[in-house]
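A quick write-up on the structure given underneath.
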Amino acid sequence: MKKVVKKHYKIVIGLIIGILISATVVYAAQTVLMGNEISYDNGTSHGTSNNVQGAIDDLYDKVSSHIDTTNLPNIIVAYAYSESEDNKCITGDEETCKVTYCYTDKEKSSCNVGDIILYRVNDNETVRFHVMHDDGEKLTLQSQKNTVSKIAWYSTGNEKIENTTCIGCDNSKGPETVLTALETATENWTNVNTFDYSIGDDKSTLGYSGCDGNNKWIANPYSLERKNVKARMITMQEAIIFGCNIEGNGFCPIWMKNYLQDSISFNGTVNSNDNSYWTMSTASWGNLIIAFRILASGTNSYFPNIKVGARAVVEINK
C-alpha cells in the first residue's frame with residue numbers, strides 16, 4: 001500500500017483535495033466570509049487553518065510528509081522555481097518558496113527547469129543547484145553560483161590582446177583550461193554521477209561546438225571528449241532553450257544570471273564578485289574563434305584567455 005501511495009501521490013492528493021473542496025461547498029451555507037477567504041470548521045479535520053486555502057496547504061503538507069525519500073538521502077530539500085511575485089522562489093531563501101517532491105517521480109519533466117535542489121555533493125559539502133533537464137531516471141543540474149572563478153576558457157599563458165585581436169590565442173582544442181579547473185574542483189563530489197560526454201558535431205552528445213556567425217549551430221571549430229568526469233559546463237544551445245538570446249541584453253532567466261556582478265540591475269536578486277561564467281560554446285568573429293559567456297546583462301562572446309568563472313553542470317539519479 002505504501003508503494004502504491006508513493007507512486008501515485010499526486011493522484012492521492014488530488015482526490016483528497018477534491019473531497020475536501022466538495023465538503024467545503026456543502027458547508028458553505030454555514031460559512032462566514034473573511035476578506036477573500038472562506039472560513040470553515042476545522043473541528044472535523046483537526047487542522048490548524050480556518051479557511052479553504054490554508055486547509056489545502058495543511059493537507060498537502062500532511063500527505064507530503066508521508067512521501068518516501070529514503071532512497072534519495074543526499075537531496076536535503078527542493079523548491080519549485082518561480083519568478084512570480086505571488087510565490088517568488090528564485091534562490092530558495094525566499095519565504096514564499098514552496099517545497100516540491102518532483103524528484104521522487106520517475107516520469108520525464110516531473111521537475112521543471114529552474115527548480116532548486118539543495119544537494120549533499122559529499123559528506124562534508126552541500127551545493128545549491130537549478131534543474132536543467134529531467135530525463136526521468138536522471139536530473140541534470142547547474143550550480144547556483146560559480147564553482148570556479150577567474151579561469152581562462154583556454155590559455156597557454158602567452159597570449160596578449162592588441163586592439164581587437166587576441167595574439168597567440170589558439171582555442172581549437174576547446175575549453176581545456178577551464179574544464180581542467182572545474183573537474184579538479186568537483187573531483188571529490190562523490191554523490192554526483194560520473195559520466196562521459198563529447199562536443200563538436202551533430203554526432204556528439206552535446207551537439208555542435210560553435211556558431212557559424214549567423215546564429216546557426218552548425219559550426220565545429222573544435223572537438224572534445226571527456227571521460228569519467230563529475231562536471232561539465234552549459235552549452236549555448238541549452239541556454240537558448242532556457243530563454244537566453246545570443247548576444248542578448250538581459251534575456252536570460254534569473255536563475256542563470258543571478259549571483260553575478262550587477263545581477264540586481266538586470267532583475268536578479270543577489271550580486272556577487274564574479275562578472276560572468278563560461279559556456280562550452282564558441283562564435284566566429286572574422287578569423288577569430290571566441291567563446292560565449294553568460295553575464296547578468298545576458299550573453300556575449302569574448303577572447304578565450306580572459307579569466308572569468310564556470311558553473312558546474314552535474315548529473316544525479318532520481
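The values are calculated or read from the model by the stated rules, or taken from the named source; none is laboratory data. None of these values were measured; they are calculated from a predicted model. So basically every Cβ, Gly included, is an ideal-geometry build from the backbone, and we count neighbours across all protein chains shown. Please note that ligands, DNA and RNA were not included when accessible areas were found on the heavy atoms of the full protein model with its side chains. Shrake-Rupley method; radii C 1.70, N 1.55, O 1.52, S 1.80 Å.
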key: Residue under evaluation residue 189, criteria (1) surrounded by fewer than 20 Cβ atoms within 10 Å (Cβ to Cβ); (2) in a loop (DSSP other than H, G, I, E, B), criterion not met   = (1)
request  = Determine which single condition residue 204 fails, assuming it passes every other condition in (1) within 26 Å of residue 115 (Cβ to Cβ); (2) assigned to a loop (DSSP other than H, G, I, E, B).
outcome  = (1)
request  = Test residue 298 against the criterion of being open to solvent by 40 Å² or more (accessible area, probe 1.4 Å) and touching a residue at least 40 places away in the same chain (Cβ under 8 Å), and give yes or no.
outcome  = no
key: Contacts under 8 angstrom Cβ, first residue in the range 112-141 being farther than 22 Å from residue 237 by Cβ, partner among the basic types (Lys, Arg) and not in a strand (DSSP E or B), 6 or more apart   = 128/145; 137/106; 137/318
inquiry  = Could you list, ordered by first residue, the pairs with Cβ atoms under 6 Å in which the first is in the range 214-240 and over 25 Å from residue 193 (Cα atoms) and the second is open to solvent by less than 10 Å² (accessible area, probe 1.4 Å) and not in a loop (DSSP other than H, G, I, E, B), at least 6 apart or interchain?
reply    = 217/211; 219/210; 219/211; 220/200; 221/210; 221/282
ask   = residue 220 fails exactly one of the following numbered conditions: (1) modelled with pLDDT of 95 or more; (2) touching a Gly at 6+ places or on another chain (Cβ under 8 Å); (3) of a type in the set (S, T, N, Q). What is the number of that condition?
value = (1)
key: Spans of strands (runs of 3 or more DSSP E) in the range 85-182 with at least 3 residues open to solvent by 50 Å² or more (accessible area, probe 1.4 Å)   = 125-134, 160-162
request  = Could you please give the count of residues in the range 207-236 that are assigned to a strand (DSSP E or B) and exposed (fewer than 12 other Cβ atoms within 10 Å of the Cβ)?
outcome  = 2
task = Could you tell me whether the range 248-256 includes any residue that is open to solvent by 40 Å² or more (accessible area, probe 1.4 Å), within 21 Å of residue 88 (Cα to Cα) and at pLDDT below 95?
result = yes
task = Would you check which residues across the range 270-303 are farther than 18 Å from residue 214 by Cα and out of contact with any helix residue (DSSP H, G or I) (no Cβ under 8 Å at 6 or more places or on another chain) and list them?
result = 272, 273, 274, 275, 276, 277, 303
